[in-house]
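Where a number appears in this text, it was derived from the coordinates with a stated rule and is not lab data. Just so it is clear, the structure is predicted and the values come from calculations on it, not from any experiment. Because the Cβ atoms are built from the backbone with ideal geometry, glycine has one as well, and the counts that use them run over all protein chains shown.
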Amino acid sequence: MDRRMMVAGNWKMYTTSAEGAVLVQDMARELEAVHGDVEVVVCPPFTGLKAVSTVIEYDRVPIALGAQDVFWEREGAFTGEIAPGMLTHLGCTYVIVGHSERREHFNETDEIVNRKVKAAFASGMTPIMCVGEPLAIRESGETERFVRDQVLAGAAGLETDDAARLVVAYEPIWAIGTGRTPTPESANDVARSIRATIGAMYGPPAAMQMRVLYGGSVKPENAAHFFREPDVDGALVGGASLKAGSFVEIVKAATR
Ligand code: 13P
């Protein structure tokens with residue numbers, strides 16, 4: 001099974017809408033020199049989605065648009081929240097769900113993550129569901145068990161077709177924004193175990209089709225090492241996705 005490689009940029013709480021529009025224009029220019037089949041996704045803050053989607057549409061930029069979060073209700077009195085249909089209306093086809101920063105600072109539980117994953121699929125978007133262990137779990141050797149439990153809960157109750165489309169981003173918390181990373185082999189071990197968990201839940205065909213990204217201090221210098229691993233289908237990039245040059249270098253490393 002040849003899974004399409006994916007490089008997704010999580011811009012986090014950086015860029016105004018004007019800065020986001022310029023950034024995606026710069027990326028588009030640099031991507032012209034890249035040949036190879038990689039799915040490129042950018043995830044600006046909510047306030048930048050309209051401006052970035054306008055650039056993508058008018059300049060026919062081969063970049064897909066994603067949001068960084070979504071609420072699960074279709075509409076209602078939920079001040080401050082954003083519904084799935086509001087995102088699809090702006091052209092979002094992906095949405096990050098359950099990022100560790102949301103789990104940590106906004107108390108998102110696996111149950112909340114699961115509701116958001118289901119709501120994303122119900123609206124036609126593909127969730128990029130984030131999982132990953134804190135340092136203490138890594139040091140106790142419990143990483144695979146910890147991540148398996150996050151996948152079992154976060155990806156529960158899906159249609160098999162949706163499970164096959166799911167993207168899981170494995171982001172060890174201690175590797176995010178720190179410059180530290182697991183070895184590519186160790187990232188692959190966790191990616192393989194995530195795929196096996198989806199296989200146990202939804203069967204081998206779904207497991208073979210779903211994609212697992214690695215995230216956490218991915219840079220142009222180390223990206224290729226992760227992309228060489230058989231169960232790693234791309235990357236979710238934070239800091240290095242805020243500069244067109246470094247982001248596109250990572251996209252290049254994913255072409256094969
Ligand atoms: P960094 O690439 O900045 O470590 O961030 C990773 C991340 O959290 C992407 O979602």
TODO: Return the ratio Rg/(2.2 N^0.38 Å) for the range 34-173, where Rg is computed over Cα atoms only.
DONE: 1.10
Task: Using a Förster distance of 25 Å, the FRET efficiency for Ala224-Arg60 (Cβ separation, nearest 0.05) - done: 0.30
- [ ] Quick one: net charge around Glu19, please, counting Lys, Arg +1 and Asp, Glu -1 for every other residue with C-beta under 14 Å from its C-beta.
- [x] +2
TODO: Determine by what factor the alpha-carbon radius of gyration of the range 1-86 differs from 2.2 N^0.38 Å, reporting the quotient.
DONE: 1.21
Task: Length-normalised contact order for the range 1-154 - Cα pairs under 8 Å, 6+ apart - percent - done: 18
Open item on the list: Kirkwood Rh over alpha-carbon pairs of the range 185-226, then Stokes-Einstein at 37 °C and 0.692 mPa s: what D in µm² s⁻¹, rounded to an integer?
Closed with: 292
TODO: Please give the contour-minus-distance gain from Ala156 to Phe106: 0.36 nm per residue of separation, less the Cα-Cα distance, rounded to one decimal in nm.
DONE: 15.9 nm
TODO: Mind running the shape call on the range 112-256? Use the C-alpha gyration tensor, a ≥ b ≥ c as the square roots of the eigenvalues: rounded below 1.5 for a/c, prolate if a/b tops b/c, oblate otherwise.
DONE: prolate
TODO: Arrange the peptides 74-82, 234-242, 21-29 so that the one whose residues have, on average, the most other Cβ atoms within 10 Å appears first.
DONE: 234-242, 21-29, 74-82
- [ ] Ratio to report: Rg/Rh of the range 42-119, with Cα atoms as the point set and Rh obtained by the Kirkwood method; give two decimals.
- [x] 0.99
- [ ] Please give the peptides 243-256, 40-53 ranked by average Cβ packing (other Cβ atoms within 10 Å per residue), highest first, as a rough proxy for protection.
- [x] 40-53, 243-256
Open item on the list: How large is the direction-averaged shadow of the alpha-carbon convex hull of the chain, in nm²?
Closed with: 12.5
Open item on the list: Testing the spin-label approximation: label points 7 Å from Cα along Cα→Cβ at Leu135 and Glu30. State their distance in nm.
Closed with: 3.0
Task: Cα extents of the range 167-242 along the three principal axes, largest first (Å) - done: 36, 19, 19
